[in-house]
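I have placed the structure first, in the form of structure tokens, so that the comments after it can refer back to it.
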Amino acid sequence: MEKLDEIQKRMIEELSGLHEVPVGAYNFRANSKLAGRNTTANIDIISKDDGSGIDIRIKPGTVKESVHIPVVISASGIKETVYNDFYVGEGSDVVIVAGCGIHNCGNQDSQHDGIHRFHIEKNAKVKYVEKHYGSGDGNGKRLLNPVTEVYMEEGSSLEMEMVQIKGVDSTSRKTYAKLAAGCKMVVQERLMTHGEQYAYSLYDVSLDGDGSAADVVSRSVARDTSVQKLDLLVKGNAACSGHTECDSIIMDQGKILAVPALEAHSVDAQLVHEAAIGKIAGEQIDKLMTLGLTEQEAEEQIVNGFLR
Amino acid sequence: MLELKDVSFVVEENGGEKSIIDRLNLKIDDGKFTVITGPNGGGKSTLAKIIAGIKQPTSGQILLDGTDITGMSVTERANLGIGYAFQQPVRFKGIRVIDLLRIAAGKDLKIPEACKFLSEVGLCARDYIDREINASLSGGELKRIEIATVIARQAKVALFDEPEAGIDLWSFQNLIRIFERLGSEKSDRTIVIISHQERILKIADEIIVLADGKVKAQGASEEILPTILGTSSAVDACSLLTKEGGEI
């Protein structure tokens, strides 16, 4: 097992707010190798036989437990694709924290493509937090292309916090979800791009069962010459309710293409979408300046608040 | 003391020039409760923005305690002690009431301290401290939070631009009480309120009537108020509210 160095520890702190080894189950992956694992009586983590990733198995009825699975890449030139499968047992109530940090000081591109599949059994409740972060001043690019697939059984709920606010040069984030009857899914995405970064984010949520509901909200900020494309699609295939919203701040020479979309395949589907793109309002800056902040500080406060 | 010398503000309109503030001279003494009134379009809000630094005068000088602040930014003026409550408070997605109060106070306010500022404007901190300053707040709530930010700044000169504008009658009654209390406090803080409201004019130490970009009259409240009662410079909120027993 590899030992974490200082850079890797700092990256893990950025990703999960962890200063120490967490309580509960965890799996640390650093530069494509296992750097730490802990399982509990209710949560098992097993490496896949072919080495392509891990299976996380949460026993039915597991409540108030957490799983952390941060991934850190600090060597230049690593390219990996990892498959992680989460099996969340019936009636569980758990928090799952994932994320990937790339620290690239070298000249070769580093890339992590994580494929996360959630199999959420009946009446289980999951809070999933995923953070992506990049740092390092080499010429090598930091690339992250996460794919998330969610399969929800009757009465389950999932709350997702998807955050990428710094240092990732190029990202294509795709999330697909299928909700059975009575399921509830809430997504809060926070995205910031700067420099010449490119980010593509896709959500494709199918409301397949009666009484299912989804609320997919993306807030993003595009600075400098960065480009974002946001595709937020909710499909209503039953008596369901769905809401999707893209809300963006555009700065400098940024470009944003926001496409909230709805598809109704049932007369009882109630679907709503919203989208707004705008620069920071001058009066917001003025107000914070009257409270003693400089223009730059005011801008930071507004962006930080927006991405909270 | 806040002093304006020969201040003009001219805008371009339909290819020509329009004077909003016209060679205005004004002195506002420390510790006074001053209300600026006058007809709509008379330049009141522009004057407040010029003092706060949000608009730059075309010519003239602004002095605070003898220091020329004309060329200073909004931030520099704020840090010298000028506070300004917007007529239409600004909304911020994601910024909470506690965040704005902390920025205003310039320190990491503890909850009980923030609570004090909110209770001064009649809001229960428990209900509001974590609320985002977004469209979920009513006009009256936003106005009160706006006033709380100016109180939290402990500004030497606190400017309030039509605090009663655009709010419902219930909130109006409460707002008046806030200003009555501020007016009765004996302190060095200078309060300048832009308002047409008779009840606010009544609690002023001094009234300034502004029309056509100039000071038409300035003096003690009891001297000026009788001359403007019944005009658009001193209006009553609603006659039903002031009838006996009819007050909300």
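The values are calculated or read from the model by the stated rules, or taken from the named source; none is laboratory data. Keep in mind the model is a prediction, meaning the values are calculated, not measured. With ideal geometry, Cβ positions are generated from the backbone for all residues, glycine too; neighbour counts draw on all protein chains shown.
Taking the stretch B:127-140 as the region of interest, how many residues are assigned to a helix (DSSP H, G or I) and either farther than 9 Å from B:P89 by Cβ or touching a His at 6+ places or on another chain (Cβ under 6 Å) (or both)?
As a first pass, look at the stretch B:127-140 and keep what is assigned to a helix (DSSP H, G or I): B:127-128, B:139-140.
From what's left, either farther than 9 Å from B:P89 by Cβ or touching a His at 6+ places or on another chain (Cβ under 6 Å) (or both): B:127-128, B:140.
Result for the stretch B:127-140: 3.
What residue, among those in the stretch A:273-308 that are of a type in the set (S, T, N, Q) and either more than 7 Å from chain B (Cβ to nearest Cβ) or touching a residue at least 40 places away in the same chain (Cβ under 8 Å) (or both), is farthest from A:A222 (Cα to Cα)?
Among those residues, the one meeting the criterion is A:Q296.
Quick grid of which residues meet (1) under 19 Å from A:N145 (Cα atoms); (2) at pLDDT 95 or above; (3) of a type outside the set (D, E, K, R):
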position: A:V187; (1), (2), (3): yes, yes, yes
position: A:T193; (1), (2), (3): yes, no, yes
position: A:L202; (1), (2), (3): yes, yes, yes
position: A:L207; (1), (2), (3): no, yes, yes
position: A:A214; (1), (2), (3): no, yes, yes
position: A:R223; (1), (2), (3): no, no, no
position: A:N237; (1), (2), (3): no, yes, yes
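Can you confirm whether A:E274 is charged (D, E, K, R) and in contact with a Cys (Cβ under 8 Å, 6 or more places away or on another chain)?
Values: charged (D, E, K, R): yes; in contact with a Cys (Cβ under 8 Å, 6 or more places away or on another chain): yes.
The answer is yes for A:E274.
If you check B:F179, B:F160, B:F172, which single one turns out to be assigned to a strand (DSSP E or B) and within 23 Å of B:L229 (Cβ to Cβ)?
B:F160
Just name the residue that is farthest from the other protein chains (Cβ to nearest Cβ) out of those in the stretch B:57-69 that are β-branched (V, I, T) and in contact with a helix residue (DSSP H, G or I) (Cβ under 9 Å, 6 or more places away or on another chain).
Looking at residues that are β-branched (V, I, T) and in contact with a helix residue (DSSP H, G or I) (Cβ under 9 Å, 6 or more places away or on another chain), I get B:T67.
From the list B:D236, B:D188, B:D212, exactly one residue is over 20 Å from B:F86 (Cα atoms), surrounded by fewer than 19 Cβ atoms within 10 Å (Cβ to Cβ) and at pLDDT 90 or above. Which is it?
Values: B:D236 fails: at pLDDT 90 or above; B:D188 fails: at pLDDT 90 or above.
Residue meeting the stated conditions: B:D212.
Exactly one of (1) touching a helix residue (DSSP H, G or I) at 6+ places or on another chain (Cβ under 9 Å); (2) modelled with pLDDT under 90; (3) over 30 Å from B:D108 (Cα atoms); (4) not small (G, A, S) is unmet by B:T231. Its number?
(1)
Tell me which strands (runs of 3 or more DSSP E) are completely within the stretch A:151-238 and hold 2 or more residues being over 18 Å from A:L262 (Cα atoms), in contact (Cβ under 8 Å) with a residue 12 or more places away in the chain and not β-branched (V, I, T), or say none if there are none.
A:157-166, A:170-179, A:184-193, A:198-207, A:213-222
Please go through the stretch B:78-120 and pick out each residue that is over 29 Å from A:V221 (Cβ atoms) and facing another protein chain (nearest Cβ under 9 Å).
Result: B:I82, B:G83.
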